[in-house]
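K.L.:
Could you have a look at this structure, given as structure tokens, before my questions?
The values are calculated or read from the model by the stated rules, or taken from the named source; none is laboratory data. Remember, predicted model here, so these are calculated numbers, not experimental data. Methodologically, a virtual Cβ is constructed for each residue, glycine included, from the backbone with ideal geometry; neighbour enumeration extends over all protein chains shown. What goes into the accessible areas is simple: the full protein's heavy atoms, side chains included, and nothing from ligands, DNA or RNA. Shrake-Rupley method; radii C 1.70, N 1.55, O 1.52, S 1.80 Å.
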Amino acid sequence: MNDHIAFLDEWGNNGLDFTKPGVSTHFIVTAITLRKEQLSEAEVQLEAVRKRFFQTGPIKSAKVGTDDKRRILVLKQLLTVPFQLFALVVDKRELRGEGFYYKGSFCKFLHGLADRELYRSFPNLELVADRHGDESFMQGFIQYIYNRHVPTLFNQASFRFVNSQASLLVQAADFVAGTLARCYDETVLSPERASFVQLLKPKLLTLKYWPDVFAPVVAQSVPDQANYNAGLAELCVGLGQDFLHRKLSSRSPQEIDQVTCISYLLFHFRHVDPTRYISSRELMAHIEERRGNLPTLHYFQTRVIAPLRDAGVIIASSTKGYKIPSCEGDLYDFINHSNTIIQPLLSRISKCRDRIRLATNGAIDLLEREEYANLKQLLTD
């Protein structure tokens, strides 16, 4: 049963001759996702946004254009509506090979990227898109979806077109796609892009940037060197990204939660603020948005964070929360925080062991068992 529905729109074109006017440097696909039970409420709220800012016309990014103050006002109202966002941002300048100069190859490549991300999150998703005409990216995407997601008893994925004039949610997707273009595309880049990203952040389930490189940090300039070590940051981002590549196709609920968590940490590091810690509550709420229910703190710590670290992902933590490390100080925060937990535990075990040994005249040593050899060595050294 498809309990989620997504409304898609795209921004950009398939041109690759960047010396020509009007050729975008990026291609962006945006999806507004929500539960079907939220659809009526979302439409009522979007109609209020449309009337306030666009009067008798549709919600459309092009109508706001370069008026960033107005765009921010629209965004603030738009983002109070109960939906989440998926976005795919492709830097076309990184597309290599003659094949990409053919529209068919270009679109098939983008279809694969968008499909993999959307259906990993929502296997039974119903997709709705605007029909722009023969040149639309979506025209090919519908055939791609049908070829790869034939409906079965267990997989109810579907795709349909609507007229954007009649779909407020497709209009909202258009506005978000146009706003992301103002954040990334060199032809329409805005000085307010940091503000746009900050506003969009709470709604973003996924922002997939291709190619997956370390470079794009749009929210702010790199902090001073005391708080930022580029080599260390690149290593930690790379380890997180490697985990994502290995687990993207997983259907394990726990691994999906782990992917959701590390994706959010990476997004925040690269697009918002690489120095800020993110609380457990914020990360758990982000997992809740994707899975539909809130995980417990114990589950989050033992089934999400701990396995990520066991898999080699470096996540700094302190009383302020979690983050991808950006400097040595973040790593020492993690060590110091861990030390405040480990040392008292070791002390309690040692006291318990000593008292039992004393009370039994040495007959019982709680750490004599083979499985406690490492622990015994720690307490003996």
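K.L.:
Hey, among the residues in the stretch 311-332 that are touching a residue at least 24 places away in the same chain (Cβ under 8 Å) and among the charged types (D, E, K, R), which one's least open to solvent (accessible area, probe 1.4 Å)?
P.N.:
Ranking the candidates gives 323 first.
K.L.:
Provide a single number: the residues in the stretch 186-236 that are modelled with pLDDT under 85, closer than 26 Å to residue 66 by Cβ and in a loop (DSSP other than H, G, I, E, B).
P.N.:
7
K.L.:
Can you name the residue in the stretch 72-108 that is at pLDDT below 75 and of a type in the set (A, V, I, L, M, F, W, C) and is also farthest from residue 253 (Cα to Cα) among such residues? Steps first, answer last, please.
P.N.:
So in the stretch 72-108, the residues at pLDDT below 75 come out as 96-108.
Among the residues that remain, those that are also of a type in the set (A, V, I, L, M, F, W, C) are: 100, 106-107.
Working: 100: 36, 106: 33, 107: 31 Å.
Only one residue tops the list, namely 100.
K.L.:
I need the full set of residues from the stretch 70-83 which are open to solvent by 20 Å² or more (accessible area, probe 1.4 Å) and touching a residue at least 40 places away in the same chain (Cβ under 8 Å), in order please.
P.N.:
Keep residues of the stretch 70-83 that are open to solvent by 20 Å² or more (accessible area, probe 1.4 Å), which gives 70, 72-73, 76-77, 79-80, 82.
Answer for the stretch 70-83, where residues must be open to solvent by 20 Å² or more (accessible area, probe 1.4 Å) and touching a residue at least 40 places away in the same chain (Cβ under 8 Å): 72, 76, 79, 82.
K.L.:
Consider the stretch 266-310. How many of its residues are open to solvent by less than 70 Å² (accessible area, probe 1.4 Å), within 30 Å of residue 3 (Cα to Cα) and β-branched (Val, Ile, Thr)?
P.N.:
Here the count works out to 5.
K.L.:
Which of the residues belonging to the stretch 333-348 are of a type in the set (Ser, Thr, Tyr) and either open to solvent by 60 Å² or more (accessible area, probe 1.4 Å) or within 31 Å of the chain's Cα centre (by Cα) (or both)?
P.N.:
We begin by selecting, within the stretch 333-348, every residue of a type in the set (Ser, Thr, Tyr); these are 338, 340, 347.
Correct list: 338, 340.
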